[in-house]
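Report on the following structure.
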Amino acid sequence: MITVPTIGQDPWGADLNAALTDLQTQASTRPWINLESYGAVADGDTTNTDNSPFFQAAIDAAGQGDVVYVPPGVYRLATPVVLTLGVTLRGGGWNPHFTPRTNMTTSYLRPGIGNFVGTELLRIDPAPVVNPYIDSAYQGGPRIEGLALNGRSTLNASSGAITAIAISSAVHDAAVTDVTAWEFTGDGVKVTDSSGIELHRVVCSTNDGYGFNFVTNATDANLVDCYSQGNGLDGYVLPNPNAISMHNCRSEFNAGNGYTFTGINHSCRVIGCNTDRNGKDGFYVNTLDGGRPMLFVGCEAKRDGSDAASRAGFNFVGTDATTQCAGAILTACNVHVGRNDDLSGTRTPLYGVQTAFTRRVTIDGGGWIEGTGGPYNDVAVCLNRYSGVVQVTTDA
């Protein structure tokens, strides 16, 4: 005889309500470690306690999937804080693009002035596991969330530069979300030969180095709603991009290029990203022949080349006739000319799209391309332009 289950039971007789209660109990009892319970003191504006040992003790005590909570306040660190396993270091919330203009009340960390020992404030290292490719991603890998990192424009104790966040070589699966890093003497975010990296709503502003610096290889990474502003070098650097997706990222007022892509491009999609008034090119592409063409969709370059050199919104350049750039496809992309916000300075860029030693660049799907010297400087004679693209030469 078949027994019809009553409400709250499945056909096998298990009590679903009890199972749900058990899951809710597990969620409510999952460790959420408050740093204050490990001795951390938010006195970074007064006595400047070295909180590095307290941060590290809490992180080392946490298990996979646990959260180490940083209450609102100012925390001084004297040495780098290191994450390896799937622990989340979480602060009190997201911070604005123009952080120095805001009286922040959230959680923020900063190095000691001139006495910090190390080259990065926060570092993610590979997990010490048997199978680093699989086990390191258990419970999601390390996470840094909701923190403000203030470099205080200081060098370390050895007079070297300090980077805000460094992701070491061979890390698999790590994420940085809702984090602002500003006034570091090194880079904002530095990633070295790692994969499965998620950067969401990360702001790197007024650092002396790069905003986002992928070293040697950029592999299996998603950058979403990230912002690079006023850094001393390029906004974003991605060498040898492989399975890279950039969505709605912004790069403005950096001294170098807005975005730099070099080496062999295996696969890279740049969608809805934009620039504004970077010192050099908006999008600089020096990918090697033999790789695939870059793909830009709905991107916009505005007022780049503020150093008044021969710059372009999109610049595709190879090394020489035998080492050529693989090129790109631009769909519905714009380039606009302009001066500084106060209308001072020279109107730039000189060209909308520029090529040299490049295989092929295809522009289609509409768009508006302009430059003070002309919409195109096709030295490589490789541009294919289709209908719907407006081409304008503006007065310098």
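The values are calculated or read from the model by the stated rules, or taken from the named source; none is laboratory data. Note that the structure is a prediction, hence the values are computed from the model and not measured. Please note: Cβ atoms are built from the backbone with ideal geometry, for glycine as well, and neighbour counts cover all protein chains shown. Side chains included, ligands, DNA and RNA excluded: accessible areas come from the protein's heavy atoms. Shrake-Rupley method; radii C 1.70, N 1.55, O 1.52, S 1.80 Å.
Structure above, values below:
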quantity: Qualifying positions in the stretch 74-87 - at pLDDT below 95, open to solvent by 20 Å² or more (accessible area, probe 1.4 Å) and in contact with a strand residue (DSSP E or B) (Cβ under 9 Å, 6 or more places away or on another chain); calculated: THR84
quantity: Where a residue in the stretch 245-270 is within 11 Å of VAL285 (Cα to Cα) and its partner, wherever it lies, is of a type in the set (D, E, K, R) and open to solvent by 50 Å² or more (accessible area, probe 1.4 Å), with Cβ under 6 Å and at least six apart; calculated: ASN257/LYS280; ASN265/ARG292
quantity: Residue that is under 23 Å from GLY290 (Cβ atoms) and either surrounded by fewer than 21 Cβ atoms within 10 Å (Cβ to Cβ) or at pLDDT 95 or above (or both), where the choices are PHE214, PHE253; calculated: PHE214
quantity: Residue list for the stretch 115-148, restricted to those being open to solvent by 40 Å² or more (accessible area, probe 1.4 Å), modelled with pLDDT of 85 or more and assigned to a loop (DSSP other than H, G, I, E, B); calculated: ASN115, VAL117, THR119, PRO126
quantity: Count of residues meeting criterion [open to solvent by less than 10 Å² (accessible area, probe 1.4 Å) and in contact with a Ser or Thr (Cβ under 6 Å, 6 or more places away or on another chain)] in the stretch 187-205; calculated: 2
quantity: Answer from GLY318, GLY305 - the residue that is out of contact with any Pro (no Cβ under 7 Å at 6 or more places or on another chain), open to solvent by less than 20 Å² (accessible area, probe 1.4 Å), under 23 Å from LEU233 (Cα atoms) and touching a residue at least 24 places away in the same chain (Cβ under 8 Å); calculated: GLY318
quantity: Test result for HIS172, of a type outside the set (A, V, I, L, M), in contact (Cβ under 8 Å) with a residue 12 or more places away in the chain and either more than 19 Å from HIS247 (Cβ to Cβ) or crowded, with 24+ Cβ neighbours inside 10 Å (or both); calculated: yes
quantity: Qualifying residue in the stretch 228-240 (condition: crowded, with 21+ Cβ neighbours inside 10 Å and touching a residue at least 60 places away in the same chain (Cβ under 8 Å)); calculated: yes
quantity: Failed item, numbered, when VAL381 is tested on (1) surrounded by 18 or more Cβ atoms within 10 Å (Cβ to Cβ); (2) more than 30 Å from the chain's Cα centre (by Cα); calculated: (1)
quantity: Per-region count, the stretch 267-297, residues under 17 Å from GLY327 (Cα atoms), assigned to a loop (DSSP other than H, G, I, E, B) and either β-branched (Val, Ile, Thr) or open to solvent by 10 Å² or more (accessible area, probe 1.4 Å) (or both); calculated: 3
quantity: Listing of strands (runs of 3 or more DSSP E) fully contained in the stretch 307-396 that carry 2 or more residues being of a type outside the set (Gly, Ala, Ser) and closer than 19 Å to GLY282 by Cα; calculated: 312-317, 328-336, 351-356, 361-371, 374-378, 390-393
quantity: Residue within the stretch 175-183 that is closer than 26 Å to VAL67 by Cα, modelled with pLDDT of 95 or more, surrounded by fewer than 24 Cβ atoms within 10 Å (Cβ to Cβ) and within 13 Å of the chain's Cα centre (by Cα) present; calculated: yes
quantity: Verdict on THR260 being open to solvent by 20 Å² or more (accessible area, probe 1.4 Å), assigned to a strand (DSSP E or B) and of a type in the set (Val, Ile, Thr); calculated: no
quantity: Top-ranked residue in the stretch 213-241 [being among the hydrophobic types (A, V, I, L, M, F, W, C) and assigned to a strand (DSSP E or B); ranked as farthest from ASP281 (Cα to Cα)]; calculated: ALA221
